[in-house]
Structure formats: C-alpha cells, structure tokens
1. Helix 63-112 sits at what angle to the longest principal axis of the chain, using alpha carbons and giving 0 to 90 degrees rounded to 10?
2. Based on Cα coordinates alone, diagonalise the gyration tensor for the range 1-51, multiply each eigenvalue by 5, take square roots, and list the semi-axes in whole Å, largest first.
3. Quick one: length gained pulling Asn9 to Arg65 fully straight, 0.36 nm per residue minus the C-alpha distance?
4. Given the -39500 (n - 2.57) contribution per DSSP H run of 4+ residues, what per-residue ellipticity at 222 nm results for the chain, rounded to the nearest 500 deg cm²/dmol?
5. Simple spin-label model, 7 Å along Cα-to-Cβ: Thr95 to His17 in nm?
6. If you bin every alpha carbon distance in the chain into 5 Å steps from zero, what whole percent lands in each bin?
7. Got a sec? Which residues in the range 9-26 would a label at Met1 touch, if it sits 7 Å along Cα→Cβ and we count backbone N under 18 Å?
8. Who wins for biggest fluctuation among Leu70, Leu14, Leu80 in a Gaussian network model of the chain, springs between alpha carbons below 10 Å?
Amino acid sequence: MFVRRSKHNALRSLYQHEAKKRAEAEQLADQRETAIHRMQSLVQHHRDEHPDTPIQYQPAVGDARLRQQLALSERARRALDTDRSELIAVNVDLTREVQQLREALAARAVEGSPA
C-alpha cells in the first residue's frame, strides 16, 4: 500500500503531537500523584500517627502524685460548685415563677367567684 509523502508527514506530525501531549499528561499525573503523597504524609505527620520523637511519660510518685490528685479533685469540686450555683439560681427563678402563677390563678378565682 502506497501513501503519499505529504499524508505520511501529516500523520507523523499528528502522531508526534499526540505522543508529546500524552507524555505531558503522564508527567502532570505523576507530579499530582507525588504532591498527593507528600500532602498525605504531611497530614499523617501532623496527626501524630507517627511522631518524630516518642513522648517520655513518667507517672508521678509520692507527694507529687498526691498533689496531682488534690489538684484534680479541687478542679472537679470547683466545676461542681459552679454547676450547683447555676442550678440553685434556676431553681429560685422557677420557684418565683410558680409562686407568681399561683397568685395570678388565685386572683382570677377570686374575681370569677360570685360575691
């Protein structure tokens, strides 16, 4: 089968152009994949899944342990005291509201009854 030189050159040029576009697309895909892997490793590092240096933890002993427990119990007591104060204030407000409603109901009952 014979092909004209001009058609052959046009097809060869088209093939080279498409091959170049494909190589550029593959290179771009590789760059994106590399960037994705780099970002994933950065996210993993920031999540501390694989920390650079292990954390050295030594539990406190003796007086230090007692001070820690005392500080924790004091913090818990303050939090409970705050919650208790809020609940008391709410209870006082609700009691006052119930009292006002009872007085309003009693006043209506007196106005509505025949004298």
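Rule-based calculations on the coordinates, nothing more; no lab input. This one's a predicted model, so the numbers in the text were calculated from it and none came from an experiment. All Cβ positions, even for glycine, are placed from backbone atoms using ideal geometry, and neighbour counts span all protein chains on display.
1. So the inclination is approximately 60 degrees.
2. 47, 7, 4
3. Between Asn9 and Arg65, full extension yields 11.6 nm more.
4. The per-residue figure over the chain is -30000 deg cm²/dmol.
5. 9.0
6. Reading the bins upward from 0: 2, 8, 5, 6, 5, 5, 6, 5, 6, 5, 5, 5, 5, 5, 5, 4, 4, 4, 4, 3, 2, 1, 1, 0, 0, 0.
7. What the label zone holds, given the 18 Å backbone N cut-off, is 9-15.
8. Maximum among the listed residues: Leu14.
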